[in-house]
1. Using the Cα centre of segment A:447-565 as the reference point, and only Cβ charges (+1 on K/R, -1 on D/E), how large is the resulting charge dipole? Debye, rounded to the nearest 20.
2. Is segment A:345-491 rounded, prolate or oblate when judged by the Cα gyration tensor, a ≥ b ≥ c being the square roots of its eigenvalues, rounded requiring a/c under 1.5 and prolate requiring a/b larger than b/c?
3. Suppose the chain between A:D316 and A:R219 were pulled fully straight at 0.36 nm per residue; how much longer would it get relative to their current alpha carbon spacing?
4. What does the helix-only formula give at 222 nm for chain A: each DSSP H stretch with n ≥ 4 adding -39500 (n - 2.57), the total divided by the residues, and the result rounded to the nearest 500 deg cm²/dmol?
5. What is the local net charge at A:S193, summed over the other residues whose Cβ is closer than 13 Å to its Cβ (Lys, Arg +1; Asp, Glu -1)?
6. For chain A, what is the relative contact order in percent, using Cα pairs closer than 8 Å and at least 6 residues apart in sequence?
7. Can you give me the accessible area per residue for chain A, using a 1.4 Å probe, in Å²?
8. Probe 1.4 Å, all protein chains in place: accessible area of A:I380 in Å², nearest 10?
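The values are calculated or read from the model by the stated rules, or taken from the named source; none is laboratory data. Since we're looking at a predicted model, the values are computed, not measured. Glycine gets a Cβ as well: all are built from the backbone with ideal geometry, and neighbour counts include every protein chain shown. Areas reflect the complete protein model, heavy atoms only, side chains present, ligands, DNA and RNA absent. Shrake-Rupley method; radii C 1.70, N 1.55, O 1.52, S 1.80 Å.
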Amino acid sequence: MNIFADIRTTIIETLNAMVAEGALPGDLSWGNVAVEPPRDPAHGDMATNAAMVLAKPAGKPPRVIAEALAERLAADPAIASAEVAGPGFLNLRLDPRIWHDVVAEVIDAGRTYGHSGMGAGVRVNVEYVSANPTGPLHVGHTRGAVFGDALASLLAFAGYEVTREYYINDGGAQVDVLARSAFERYREANGLSPEIAEGLYPGDYLIPIGEALKEKYGRDLLDKPEAEWLTQVRDFATEAMMGLIREDLALLGVKMDHFFSEKSLYDTGLIEDAIKELDKKDLIYRGTLEPPKGKVPEDWEPREQTLFRSTAHGDDVDRPIKKSDGAWTYFAPDIAYHWDKVKRGFDELIDIFGADHGGYVKRMNAAVSALSDGRVPLDIKLTQLVKLYKNGEPFKMSKRAGTFVTLRDVVDQVGPDVTRFVMLTRKNDAPLDFDFDKSVEQSKDNPVFYVQYAHARIRSVMRKAEEMHLDWSDNASLEDEAEIAVAKKLAEWPRLVEIAARNHEPHRVAFYLYDLASEFHALWNKGNEKPELRFLHEGDPRATAAKIALPRAVAVVISNGLGILGVTPVEEMR
RNA sequence: GGCCUCGUAGCUCAGAGGAUAGAGCAACCGCCUCCUAAGCGGUAGGUCAUAGGUUCGACUCCUAUCGGGGCCGCCA
């Protein structure tokens, strides 16, 4: 039940009736007709802009249309009143019964309240994290992981068929570097001193890998030339790193449906296939790029390369897909990977990139557009930097000094729930300040606890109600405006889910939960002044059952919302 | 130089083209013999960076400018 959608349907039906009667011309489109909560509650329960958007195409003044619409809508039993206001808004007041229906519906639907049909039959692939398998995940990856995971859950909640996917960059030069770094640790394990040359990965996390290599190979590899051990060590180290990464993801509660190996693309010839596919569309050619404008790299010299005509699909310049030595560029397997996604039949693709990969958005969009002939939309969401603080002071990180903060560091210190919630209380494309101390602070300064606290309060009350052995009722007693306000907020949930899903913006869920918790806390405190508004009424199971329905419904929605964010709703906070 | 992104209260941030732009923090004033005060109510705080444009209507869309951040052939 989405009362905004329901009322919109009523309005559309009424408009169609007006067309049938000749009160409106027949060639109108209802696409821009919106029904939304009014900013000012004094304006009623919901408002529609129908008269204003139809005024011009219908050739009638907005207020004339609004009056006619109002008259008809007022006849609907669900609508208590319809008033024309301002430039042509139609403010609707609903039959108060509707709020009782909402509460009953929430309790009845439980975990499914807010589920939407908007994604029915739509297969969407969400690719996120996709960190190089060369070390543990760090803070930046954490944000992408949380964001992608919440977005995937949100889309699933909205009815989409979602696949969560991780692209393993195990085919490029960086895993060779990993192998060489691991080999030094292997030498170290065998009592030799490691030579961590410039460019190798210095991190301690490779020491156990060196030990494991010694365990497996003894001293056999020590005197062999690189060519003889590189592949084995690389595969071994890559697999170990992916094991590490899976553990990190598990710490955060992130589950992937599918890990896709870049290396597998080389083995299957999919890259050649993908490029052939582009070639068929006349999008591959040999050519020389213009030097970049402005600052020209010192060693720049014109070279003939194999290029993808990405400008034909909205990119700024064509992109090389082969290096001058004939090897594929990084972009080529990416094209193949996305082609594979298209071939697997996804209707929509979503990629989560770090902001530093923003320069790749246009070329990836061009590739998917070309490979799917524009049929499959690709939405690339960029997650901005996370700035770490400790008690208000910037927390310095240095890769060189080895003091970069890992996902594990963060989760160990503040826990997965806080990590997730904090990272979702900001739009993905806005930089995020993350303060280790403030994020675990148990105060209203901290939205996580504010929302959790609302849930805990409700559960506490419900436990006490259990002891009264009452007949749980779905029929809520809603008299006070504070109660109605909470019920109205609950009614907005299905609409919020659709908006958040459509925009690929899970942070809206976090902000909604904060608002809902706020309405709830206000109602709770009103019980101090007006004891009749309390949820528990000692010796009166009937009154208790009626009053407790509303908070029960709130707990359901908070639980559902936190579920999307991947945060555990707590039973108790003491 | 080009592209992307951001610019909203002192601070941190919300805001599907809709009405008088909203929260939290900080400041000030109140509320616990009462279901969890980790809470609530109130006061104060604004040229939505700037200038144009699109239209019934712009914080929102377009153009230009200013400012912060990111990226910019054969690295990933």
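1. Working: 15 positive and 17 negative charges, 69 e Å.
With only Lys, Arg, Asp and Glu charged at Cβ, the dipole is about 320 debye.
2. Values: a/c = 3.01, a/b = 1.43, b/c = 2.10.
Oblate is the answer for segment A:345-491, as a/c is 1.5 or above yet b/c matches or exceeds a/b.
3. Values: separation 97, 0.36 × 97 = 34.92 nm, distance 5.26 nm.
Extending this stretch completely gives an extra 29.7 nm.
4. Details: 17 runs with 276 residues, N = 574.
Result for chain A: -16000 deg cm²/dmol, rounded to the nearest 500.
5. Details: positive: A:R185, A:R187; negative: A:E184, A:E188, A:E195.
That sum, taken over residues with Cβ under 13 Å, equals -1.
6. On the way: 928 pairs, mean separation 90.9, N = 574.
That works out to 16 percent.
7. On the way: 26950 Å² over 574 residues.
Here the residues of chain A average 47 Å² of exposed surface.
8. A:I380 has an accessible surface of roughly 20 Å² with all protein chains in place.
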